[in-house]
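Structure first, commentary second.
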Amino acid sequence: MLKQIVKELTVSSMRKFSTSGQKNFRVAVCGACGGIGQPLSLLLKRNPLISELRLYDISRVPGVVADLAHVDTKVRVCGFMGPDEICGALECVDVVVISAGAPRKPGMSRDDLFKINACTVKDITKAIVAKCPKALVAIITNPVNTCVPIAAEIMKNDGVYDPKRLFGVCTLDIMRARTFIGEVNGVDPKKVDISIIGGHSGVTIIPVLSQANPAFKGDQAAIEKMTKRIQEAGTEVVTAKAGVGSATLSMAYAAHRFTNSLLKGLKGEKNVMECSYVESSVTEASFFSTPLVLGKNGIDANCGLPKLSEYEKKLLEKAIPEIKKDVQKGIEFAKK
Ligand SMILES: NC(=O)c1ccc[n+]([C@@H]2O[C@H](COP(=O)([O-])OP(=O)(O)OC[C@H]3O[C@@H](n4cnc5c(N)ncnc54)[C@H](O)[C@@H]3O)[C@@H](O)[C@H]2O)c1
Ligand SMILES: O=C(O)C[C@H](O)C(=O)O
């Protein structure tokens, strides 16, 4: 019955908004009815680069689709619920955003989510391999440091892996850094330019404060305090939410920014840059986040490591063994 409703909404909305002739993109959100998925889907529904938005989840899809379909934009909204429908959700899409999976509770590390979320990422990646092997894939699900290598390994096993097309989303770390630096420096966060390198958990998050523009105002003690705040910002939200999840609204906003950058790259816009956790030969860790130039095939260029201060070099030394461990865990899981 629910599946019937989803299909009917899909077909009726397809009839309503024909976008033939328009060179816009199909985007799928996996985990679309969750805390991140819903606000992210709302933002994507308003994105003029998108022609069709496919919402996939294991529950609540009809309600979310019915709700979102009433937003007066041309983006078609189609719903798909449960494993039987995942292939329909992913058929011929240009970009897949994965936010499916459990969030942290107070006291948990991101790595504690591995047991629950690794299988989810594995199953979704298998469907991507089957239905949209050329799509750009953006993984939000934690632990990002491990989930991205899992997806890479599964794609490799099936002979469709293109390292230029697989991304771990770390944009929230950048957004937080811009916000916190904006507060300290007394400037509009939008005017703050900062790179964050490494990964997306604790000490693997390395804000390159030495190269922030405008320059970060503060002595070494302030730099260390700010670094720690950025590294622990996710936990700040988990603690404040007191057991009912982690960052959702700010993450949806960040994921929309990242998806929009992928779409701008696909569209051929020049100088589109984002930091993202991708396969990398920049350091000893085989996955690593650095600033990237995005283009029609995903990554156009990896800009490598920014200039680092002595303090940041020490942070890097600490982060690399952690990332290598996280990557190895993903590879071993995918091989099982
Ligand atoms: N990368 C980041 O910066 C970042 C930031 C915040 C949260 N996260 C992570 O994003 C994930 C989602 O967080 P949330 O707050 O939206 O969680 P949530 O529990 O609110 O939503 C998750 C959604 O995934 C769905 N889901 C579960 N298994 C699925 C499957 N096999 N196929 C399809 N859908 C499935 C659930 O039904 C639910 O709707 C978590 O792992 C969280 O840790 C990452
Ligand atoms: O902290 C979390 O568990 C969610 C996310 O990774 C975040 O940085 O907010």
Subject >> Number of Lys pairs (Cα under 25 Å; 8 or more positions apart or on different chains) in segment 18-124 >> reply: 5
Subject >> For the chain, calculated [θ]222 nm from helices alone, where every DSSP H run of n ≥ 4 adds -39500 (n - 2.57) >> reply: -14500 deg cm²/dmol
Subject >> segment 164-226: projected area of the alpha-carbon convex hull, averaged over directions, in nm² >> reply: 4.6 nm²
Subject >> Listed peptides 137-149, 90-102, 314-326, 68-80 by packing density, highest first (mean Cβ within 10 Å) >> reply: 137-149, 90-102, 68-80, 314-326
**OP:** Find the percent of Cα-Cα distances in segment 49-153 that exceed 15 Å, and round it to a whole number.
**Re:** 64 percent
Original post:
If you find the alpha carbon centre of segment 57-105 and of segment 210-266, how far apart are they in angstrom?
Top reply: 26 Å
**OP:** Report, largest value first, the span of the C-alpha coordinates of segment 291-336 along each principal axis, in whole Å.
**Re:** 39, 35, 7
**OP:** Find the relative contact order for the chain and round it to a whole percent, using C-alpha pairs within less than 8 Å whose residues are 6+ positions apart.
**Re:** 17 percent
Original post:
Under 5 Å between amide H atoms, partner at least 5 residues away or on a different chain: which partners does D300 have, H built in plane at 1.01 Å?
Top reply: V293, L294, G295
Original post:
For T259, what is the net charge nearby, where nearby means another residue's Cβ is under 15 Å from its Cβ and Lys, Arg count +1, Asp, Glu -1?
Top reply: +4
Subject >> Sorted peptide list for 128-135, 40-47, criterion being average Cβ within 10 angstrom, highest first >> reply: 40-47, 128-135
Subject >> Gap separating the Cα centres of segment 106-166 and segment 282-309, nearest whole Å >> reply: 19 Å
**OP:** At q = 0.08, 0.11, 0.19 Å⁻¹, what is the base-10 log of I(q)/I(0) for segment 170-335 according to the Debye formula with one equal point scatterer per Cα and no solvent? Please give it to two decimals.
**Re:** -0.24, -0.46, -1.37
**OP:** Order the peptides 203-209, 257-263 from the highest to the lowest mean number of other Cβ atoms within 10 Å of their residues.
**Re:** 203-209, 257-263
Original post:
Roughly how many nanometres apart are two label points built 7 Å out from the Cα toward the Cβ at D158 and A222?
Top reply: 5.1 nm
Original post:
Roughly how big is segment 25-169's charge dipole about its Cα centre, with Cβ charges of +1 (Lys, Arg) and -1 (Asp, Glu), in debye to the nearest 20?
Top reply: 260 debye
Original post:
Relative to the Cα centre, what is the charge dipole magnitude of the chain, using +1 at the beta carbon of each Lys and Arg, -1 at the beta carbon of each Asp and Glu, and rounding to the nearest 20 debye?
Top reply: 600 debye
Original post:
Per residue, what volume in Å³ does the convex hull of the Cα atoms of the chain enclose?
Top reply: 131 Å³
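Just so you know, all these numbers are worked out from the coordinates, no wet-lab data involved. This structure is a prediction, so every number in the text was calculated from the model and none was measured. Heads up, the Cβs are rebuilt from the backbone with ideal geometry, glycines too, and the neighbour counts pull from every protein chain shown.
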